[in-house]
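Worksheet: the structure to be examined is printed underneath.
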Amino acid sequence: MQIFIKAAEQYNKIVIEKIDKAGKTEKDPQRELNGSKPVTRSESFVKRWRRTAVTRCLKGETISTPRRRHSRSEDKYESDVQMLGDSCDKLPILHILALNALDLSAPASDILVKEKGPCEARRRIWIQLSGHPGSLTPAGPGTLWKRLHDCNESEMYEKLMKDSAVGIVPKFYRKLEFKGELFVEIRDLLYDFCDPYVLDIKMGTRTFLESEVSNNVARKDLYLKMKALDPSAPTPEEEKELAVTKLRYMTFREELSSTCEFGFRVEAMKLRGQPVSDLKKVRTKNELTQTFDRFFNGNPKIRRKMLERILDIRRQFENSSFFKSHEVVGSSILMIHDECKVGAWIIDFGKTRKLPDGVGVTHRNPWKPGNHEEGYLFGLDNLIDVVRSACPKK
């Protein structure tokens with residue numbers, strides 16, 4: 001990605017130099033008669049060619065110098081062609097695309113986000129099901145920007161790109177700053193699907209860091225949150241104090257869903273056309289199976305493909321040196337299908353931490369303060385079992 005950025009800067013410098021030089025040539029008289037801002041013929045030619053090049057590249061077409069669209073002298077036209085030729089000789093088309101698609105001042109324009117074809121309208125329906133509102137935004141063809149709430153996440157992505165498990169996580173491109181905020185640019189996993197079904201599965205028996213619950217001071221605000229979710233949840237002592245600790249509240253919240261018993265919970269789901277909101281109290285195996293039945297839409301072929309993908313994720317997770325040396329807290333598995341294609345990836349590494357020296361985890365044992373177990377593989381084992389249950393018997 002740094003090569004692309006450097007190439008974009010070099011190409012931009014070349015074009016500016018050429019346009020400045022061309023600015024001394026004859027102006028377009030028709031634009032002056034119309035009262036428009038004078039633009040040299042060469043400058044206009046370059047801008048038009050760059051737009052054409054990007055559009056054709058996105059459509060997979062061969063890039064060539066565009067034809068003349070209005071009369072001009074042969075000498076002037078040949079001068080313009082030579083100007084483009086000089087620039088193109090110095091930079092290949094991928095670097096020219098980098099200048100347009102990776103203009104780092106803002107997310108990509110419509111010309112880069114929109115795609116022609118039968119799925120154009122459906123591809124442009126971009127969704128964020130869960131997480132911090134507004135933390136994701138489309139950035140270009142097949143990529144998105146994710147706002148960093150923890151700078152640790154970019155470091156985790158960099159490590160994963162060098163790990164054997166690189167195929168089960170979104171591709172990471174770069175870390176960047178925009179308007180004082182930090183982002184990572186990663187693969188948009190929805191890009192290759194048409195109006196997909198999406199399921200966000202929060203993994204593990206523990207979705208909070210030990211450091212988050214190290215403070216044993218009882219808090220009234222957490223007590224009020226607990227009462228709002230379940231008025232009968234506080235113990236007599238907690239009712240007397242009108243306060244609970246952070247650990248007590250976080251553990252209580254995990255018990256409301258299937259997290260504690262099964263090691264995963266359904267965080268969010270989108271069926272074709274709309275998100276599903278009635279998921280907060282899905283906790284029994286029967287309820288989980290019914291939820292997956294809805295997600296698969298009764299398609300046994302899709303269910304079999306998804307099961308194969310989840311089994312592969314488990315295999316790669318178990319063999320990964322990265323996952324053997326990290327606790328993976330608050331991460332999800334994102335499952336996607338559009339009744340034709342199927343995909344699943346591990347996402348969200350903001351709370352992933354390297355294990356202390358000399359500490360190992362199974363990702364299956366129960367958590368006790370200090371042992372760093374988070375139950376990720378325990379949850380994955382149960383997730384596979386539920387997906388199998390959702391599949392019709394032969």
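The values are calculated or read from the model by the stated rules, or taken from the named source; none is laboratory data. Not measured: the values here are computed from a predicted model. Note that we place each Cβ from the backbone using ideal geometry, even for glycine, and neighbour counts take in every protein chain shown. Just so you know, the surface numbers come from the protein's heavy atoms only, side chains and all, with ligands and any DNA or RNA stripped out. Shrake-Rupley method; radii C 1.70, N 1.55, O 1.52, S 1.80 Å.
Miscellaneous remarks
- Estimated distance in nm for a label pair at SER135 and LYS179, the labels positioned 7 Å out from Cα along Cα-to-Cβ: 1.9
- Given a 1.4 Å probe and the protein chains as shown, GLU373 ends up with an accessible area of around 10 Å².
- Within the range 228-333, the ratio Rg/Rh, alpha carbon atoms throughout and Rh by Kirkwood, equals 1.06.
- When the solvent-accessible area of the range 192-290 is split by element, carbon and sulfur atoms take up 51 percent of it, the probe being 1.4 Å.
- By accessible area with a 1.4 Å probe, ligands and nucleic acids excluded, highest first: order of TYR197, TYR173: TYR173, TYR197
- Checking the Cα-Cα distances for LYS225/LYS351; LYS220/LYS270; LYS285/LYS305; LYS171/LYS324; LYS146/LYS220; LYS175/LYS354 against a 27 Å cut-off, the pairs over it are LYS220/LYS270; LYS146/LYS220.
- Charge tally in the Cβ shell below 14 Å around GLU238, where Lys, Arg are +1 and Asp, Glu are -1, GLU238 excluded: +2
- Three-way shape label, the range 138-297, alpha-carbon gyration tensor, a/c 1.5: oblate
- Where the range 246-394 is the region considered: accessible area per residue in Å², 1.4 Å probe: 46
- Solvent-accessible surface (1.4 angstrom probe) belonging to LYS354, in square angstrom, nearest 10: 120
- Ligands, DNA and RNA excluded, the heavy atoms of LEU222 present near 10 Å² of accessible surface to a 1.4 Å solvent probe.
- Distance (nanometres) between label positions extended 7 Å along Cα→Cβ at ARG304 and ASP278: 3.2
- Extension gain for the segment CYS340 to GLU212, taken as residue separation times 0.36 nm less the Cα-Cα distance, is 41.9 nm to one decimal.
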